[in-house]
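Report on the following structure.
The values are calculated or read from the model by the stated rules, or taken from the named source; none is laboratory data. Since we're looking at a predicted model, the values are computed, not measured. Neighbour counts run over all protein chains shown; Cβ positions are idealised from the backbone, glycine included. SASA here: full protein model, heavy atoms, side chains in, ligands and nucleic acids out. Shrake-Rupley method; radii C 1.70, N 1.55, O 1.52, S 1.80 Å.
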Amino acid sequence: MSVLQDHLTEWFQTIHQHPELGMQEFRTTELVKQVLNTHGIRQLALPLETGAIAVLGHDGGPTIGLRCDMDALPIEESTGLPYASRTHGVMHACGHDFHTAVMLGVALCLKARESALAGKVKIVFQPAEETTQGAFAITRTGLVDDCNLFLGLHTYPGFQPGTLGIKSGPVMAAVDWFSIRLHGRGSHAAQPQKGIDPIPAACATVTALQTLASRFSNPFSPVLCSVTRIEGGTARNVIPESCLLEGTVRTMDPQVRSEIREHFMRLVTETARAYAVKAEIDWSSGPPALINDPSLCTLARTIAQQQGLSVDIQEDTLGGEDFSEYLVYPSVRPGLFVRIGTGGNYPQHHPRFTADPSALESAVHFFTSMAEACLAKA
Ligand code: NI
């Protein structure tokens, strides 16, 4: 094993052992800063409690942004790994420990060639991806406004180590969340005429929302609406005062996103009116869709092939990823989000999810070369 791979494995396993939830990545931030300091890598003063931004290279050329995320999930780990989580109920079940180790490795490799870089590289160690707060917080500091483009990565259990998922165009969905409170009037279950029952209204609303994807959108542009939570009532003989519905809407196209929101509001409001209840709707918008730049994809495929890596196209998903925030704020800029094959038998967010550390080193070389090539090209 190479010295680099030794370092990478050690960072990866240490971070894996000590997972931290979003905006609480204190220990991980400490580790990142310590490694950067040890290797004389400059950092920007980030006005957040967690996270870090490393800077390499020099002024007078383009600036490339690289980004990894550092947070874990509220899951009890059951992998049985020797370096399994030592924190009860918290686990790196999405591979953000892997991402952090890779970007530390990239920082070291770029540092070794710093004088030859044709510009500047900013590496963002981002907090709180899972809660979709981190990218928003980082971009609003203004510290990465000058980046001409952004590169990001994610572990991918669907591929073995040595394979990268590179796909042009939309790869992750725009994420919106909703919470609907249907207000009726409580009464005895045997005297429905004395109340206004929110339960049938809730059922009709769930059914009506199915038409968002089937009747109100172009079948070639994905739309998904999942009602994931219903809460109403306390007893078998009581008609409740209200009923709560929660869930998420996913789309790939900004125009479709805003149209679907309008259809959603109308369907909920009018269904409620039809059932004589009142709908209180709380809608919150998460990150936009993540669109991979075609020319960056071409460059990435070339570099991957030069380095003996296989390239595949990963399965489409309407999952969300706040990396997309870097591609729209403060203005639109190109970006590329690459899936790194990390093997394993379980999907992300599963208590037995694992990322194979043997994929670390090739990922480091890939992103180091990508950063250099992007600087030389820009
Ligand atoms: Ni993730």
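Apply the a/c threshold of 1.5 to the C-alpha gyration tensor of the stretch 1-52 and tell me whether it is rounded, prolate or oblate. Here the stretch 1-52 falls in the oblate category. Can you give the log10 of the normalised intensity I(q)/I(0) at q = 0.08, 0.10 Å⁻¹, computed with Debye over equal Cα scatterers of the chain? For the chain, the Cα-only Debye profile gives -0.47, -0.68.
Surface composition of the stretch 264-321: carbon and sulfur make up 49 percent of the accessible area, probe 1.4 Å. On a per residue basis, the stretch 243-378 carries 44 Å² of accessible surface, using protein heavy atoms and a 1.4 Å probe. Size descriptors for the stretch 133-230: radius of gyration and Dmax over Cα atoms are 22.2, 66 Å.
For the stretch 8-83, which GluC sites (Glu not before Pro) are in a loop by DSSP, counting at most 16 other Cβ atoms within 10 Å?
Details: sites: E10, E20, E25, E30, E49, E76, E77; in loops: E20, E25, E49, E76, E77.
Sites meeting the loop and neighbour criteria: E49, E76.
Summing charges over all other residues whose Cβ lies under 14 Å from the Cβ of G57, with Lys and Arg as +1 and Asp and Glu as -1, gives +1.
3J(HN,Hα) along the stretch 63-69: 10, 10, x, 10, 9, 10, 10 Hz, from the Karplus curve 6.51 cos²θ - 1.76 cosθ + 1.60 with θ = phi - 60°, whole Hz, x for Gly and Pro. On a C-alpha basis, how far is the centre of the stretch 345-363 from the centre of the stretch 235-305 in Å? Whole number, if you could? Cα centroid of the stretch 345-363 versus Cα centroid of the stretch 235-305: 30 Å apart. Per residue, the accessible area of the stretch 187-228 comes to 57 Å², computed with a 1.4 Å probe over protein heavy atoms only. When H7, H88, H154 are compared by accessible area of protein heavy atoms, the largest-first order is H88, H7, H154, using a 1.4 Å probe. Size descriptors for the stretch 79-167: radius of gyration and Dmax over Cα atoms are 15.9, 46 Å. Annotation: amide H of A93 within the under-5 Å range of L73, sequence separation 5 or more or interchain, hydrogens built in the peptide plane.
Positive contributions from Lys and Arg (+1) and negative ones from Asp and Glu (-1), summed over other residues with Cβ under 13 Å from the Cβ of H350, come out at -1. Accessible surface of the stretch 34-76, 1.4 Å probe: 52 percent of it comes from carbon and sulfur atoms. Global size of the stretch 225-378: 22.2, 72 Å for Rg and Dmax (C-alpha atoms, Rg to one decimal, Dmax whole).
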